[in-house]
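First up is the structure itself, then whatever we jot down about it.
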Amino acid sequence: MRKPFARLKFLPWRSLFQAAFVAVVLLALPVDILLQVASRYGNQSPALESMVSLLMSPSMALIIGLGLPVGLGALAVFALERIDRSSISTGSLWGLVLCVALVFLLEKWLLFGSPGFSMTVLALIAVGVFWKGRPYWHSYRRW
């Protein structure tokens, strides 16, 4: 293992970025847009106001804040299984964590104007990726 970064160029980057893009567009983007609309127009009607107060409660915010990145990572592995199952290994799972983090950061930057990203979110994305990608851990020797 003299050149660990030399193996990065052999990862299936196109498939990894496609899976990350699908995961962010299917999960993170609708949740962010829903929260933006709910916070902006939350006081228009009593029913919408009660839904916004439920979504903005501390316990629900914690569930969304912790569950979204884990679900994002798991959904990315699910999408990668559909796009290119043969290339999944431990190394490609780490590449998928990087791709999901970059696409998620880009989505936050485009939607909010400033990237709101922390190491906790990155760790939770990795937990989701490796939780769903557990059957592919046996291929660590190829990495």
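Run down E107, E81, E49 and say which single residue is modelled with pLDDT of 90 or more and part of a helix (DSSP H, G or I).
E81 is the lone residue from the list that is modelled with pLDDT of 90 or more and part of a helix (DSSP H, G or I).
When segment 75-87 is filtered for residues that are among the β-branched types (V, I, T) and crowded, with 22+ Cβ neighbours inside 10 Å, only V77 remains. Only one of (1) aliphatic (A, V, I, L, M); (2) closer than 21 Å to L111 by Cα; (3) open to solvent by less than 70 Å² (accessible area, probe 1.4 Å) fails for L16. Which number is that? Checking L16 against (1) aliphatic (A, V, I, L, M); (2) closer than 21 Å to L111 by Cα; (3) open to solvent by less than 70 Å² (accessible area, probe 1.4 Å), the one that fails is (2).
Scanning segment 113-135 for residues that are part of a loop (DSSP other than H, G, I, E, B) and either in contact with a helix residue (DSSP H, G or I) (Cβ under 7 Å, 6 or more places away or on another chain) or surrounded by 12 or more Cβ atoms within 10 Å (Cβ to Cβ) (or both) yields P115, G116, F117, G133. Filtering L110, L48, L93, L68 for residues that are open to solvent by 50 Å² or more (accessible area, probe 1.4 Å) and either within 13 Å of the chain's Cα centre (by Cα) or closer than 20 Å to V22 by Cα (or both) leaves a single hit, L110. Pairs are defined by a Cβ separation below 6 Å, a sequence spacing of at least 6 or placement on different chains, a first member in segment 35-64 that is closer than 19 Å to L111 by Cα and hydrophobic (A, V, I, L, M, F, W, C), and a second member that is open to solvent by less than 80 Å² (accessible area, probe 1.4 Å) and at pLDDT below 80; the pairs so defined are A38/V52; A38/L55.
The values are calculated or read from the model by the stated rules, or taken from the named source; none is laboratory data. Fair warning: this is a prediction, and the values are worked out from it, not measured in the lab. Cβ atoms come from the backbone with ideal geometry, glycine included; neighbour counts cover every protein chain shown. Areas reflect the complete protein model, heavy atoms only, side chains present, ligands, DNA and RNA absent. Shrake-Rupley method; radii C 1.70, N 1.55, O 1.52, S 1.80 Å.
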